Ligand SMILES: [Fe+2]
């Protein structure tokens, strides 16, 4: 049985594509955050190690929510590293995880890219595709990344 939530098939497809790109971005972010948690060294090691752990746990919850939102809209979530790297806005090049300042700068830049992307996405999803539920959902994720940044 297919629910009719009064969003056209085409709009649902566009929103799902956008959500799959967000899913890929969140996967790249969680990988960088785990890298930070594992490889950070030096002064304040324990504080930073724990800070990064809290951050990747939060991103892990977001990842699950995004994938389930895609399924709610009747589409499939991409779920392979190959596919994530194909669609993400982010890159994994040039990241240095040996220096605390550089690690924090990398995580900040990554959160900023996601914030900027989400702000555009929310407008498109709400106004162009008329999916206010997803626009509200994405606003919650935007606020999370703004706070982390
Ligand atoms: Fe750990």
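The table that follows gives values for the structure above.
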{"quantity": "Pick from the stretch 12-36, criterion buried (at least 22 other Cβ atoms within 10 Å of the Cβ) and within 12 Å of the ligand (Cβ to nearest atom), ranking: nearest to residue 125 (Cα to Cα)", "calculated": "33"}
{"quantity": "Of residues in the stretch 37-61 being under 24 Å from residue 22 (Cβ atoms) and in contact (Cβ under 8 Å) with a residue 60 or more places away in the chain, the one nearest to the ligand (Cβ to nearest atom)", "calculated": "55"}
{"quantity": "Verdict on residue 74 being part of a helix (DSSP H, G or I) and either within 17 Å of the chain's Cα centre (by Cα) or surrounded by 14 or more Cβ atoms within 10 Å (Cβ to Cβ) (or both)", "calculated": "no"}
{"quantity": "Output for the stretch 78-135, where each listed residue is surrounded by fewer than 13 Cβ atoms within 10 Å (Cβ to Cβ), part of a helix (DSSP H, G or I) and touching a helix residue (DSSP H, G or I) at 6+ places or on another chain (Cβ under 7 Å)", "calculated": "132"}
{"quantity": "Condition broken by residue 64, with the remaining ones in (1) surrounded by fewer than 17 Cβ atoms within 10 Å (Cβ to Cβ); (2) away from the ligand (no atom under 16 Å from the Cβ); (3) outside any loop (DSSP other than H, G, I, E, B); (4) more than 15 Å from the chain's Cα centre (by Cα) satisfied", "calculated": "(4)"}
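Values in this text are rule-based calculations from the coordinates and carry no lab data. If you're wondering where the values come from, they're calculated on a predicted model, not measured in any experiment. FYI the Cβ positions are ideal-geometry reconstructions off the backbone, even for glycines, and counts take in every protein chain you see.
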